[in-house]
Amino acid sequence: RDEEHPDKIAKLYYSKFPKDIASLSMVILVDPMLATGGSAILAIKTLIEAGVKAENILFLNVVSCPEGLDALSATYPKIKIVTAAVDSHLNENKYIVPGLGDFGDRYYST
């Protein structure tokens, strides 16, 4: 996402799929965190533009919040969503509370 934008809007940096992705019976989209839902919505939009049917997409994540789940399910009601935990809310900076901090920073030790 674009951390400089006040709404932390999603930003697509790269997209490359197998040529036969549209013919797969299930595509699993994995993201560790679902905050605003913007990144997941953009990723799903990109999959659908590549020919994947919404009902063939499973979104799998570790930590989410109600705002992100609501946005994702409102935009793509046919998507299956599996999450390990639902934290209470987003703060004013669009971070999950209590959350686990910045996943990228933790993963890459930055």
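If ligands, DNA and RNA are left out, what is the accessible area of M26 with a 1.4 Å probe, given in Å² to the nearest 10?
Rounded to the nearest 10, that gives 80 Å².
List the longest stretch of the chain that has no exposed loop site; here a site is one of the chymotrypsin sites (Phe, Trp or Tyr not before Pro) assigned by DSSP to anything other than H, G, I, E or B, with at most 11 other Cβ within 10 Å.
15-110
Work out which GluC sites (Glu not before Pro) in the chain are exposed loop sites (DSSP not H, G, I, E or B, at most 16 other Cβ within 10 Å) and give the longest gap free of them.
5-91
Run down the lysines and flag those whose C-alpha is under 24 Å from the C-alpha of K16, throwing out any fewer than 8 positions away in its chain.
Once the sequence-local lysines are set aside, what remains near K16 is K8, K45, K53, K78, K80.
What is the sum of charges around V86, taking Lys and Arg as +1, Asp and Glu as -1, for the other residues whose C-beta is under 12 Å from the C-beta of V86?
Charge balance near V86 sits at -3.
DSSP loop (so not H, G, I, E, B), at most 14 other Cβ within 10 Å: list which trypsin sites (Lys or Arg not before Pro) in the stretch 1-93 pass both filters.
K11, K16, K19, K53, K78
Which whole-number percent gives the relative contact order of the chain, counting Cα pairs below 8 Å spaced six or more residues apart?
Contact order relative to length: 24 percent.
Per DSSP H run of n ≥ 4, the term is -39500 (n - 2.57); total these for the chain, divide by its residue number, and report the mean residue ellipticity at 222 nm rounded to 500 deg cm²/dmol.
-7500 deg cm²/dmol
Just to confirm a number: summing +1 for Lys and Arg and -1 for Asp and Glu over residues other than C65 whose beta-carbon lies under 11 angstrom from that of C65, what do you get?
In short, -2.
Quick one: angle between helix 66-75 and the longest Cα principal axis of the chain, in degrees between 0 and 90, rounded to 10, please.
30
Can you give me the angle between helix 38-49 and the longest principal axis of the chain, using Cα atoms only, in degrees from 0 to 90, rounded to the nearest 10?
10
The values are calculated or read from the model by the stated rules, or taken from the named source; none is laboratory data. Everything quoted here is computed from the prediction, not taken from an experiment. Please note: Cβ atoms are built from the backbone with ideal geometry, for glycine as well, and neighbour counts cover all protein chains shown. Accessible surface is based on the protein model in full, side chains and every heavy atom, while ligands, DNA and RNA are left aside. Shrake-Rupley method; radii C 1.70, N 1.55, O 1.52, S 1.80 Å.
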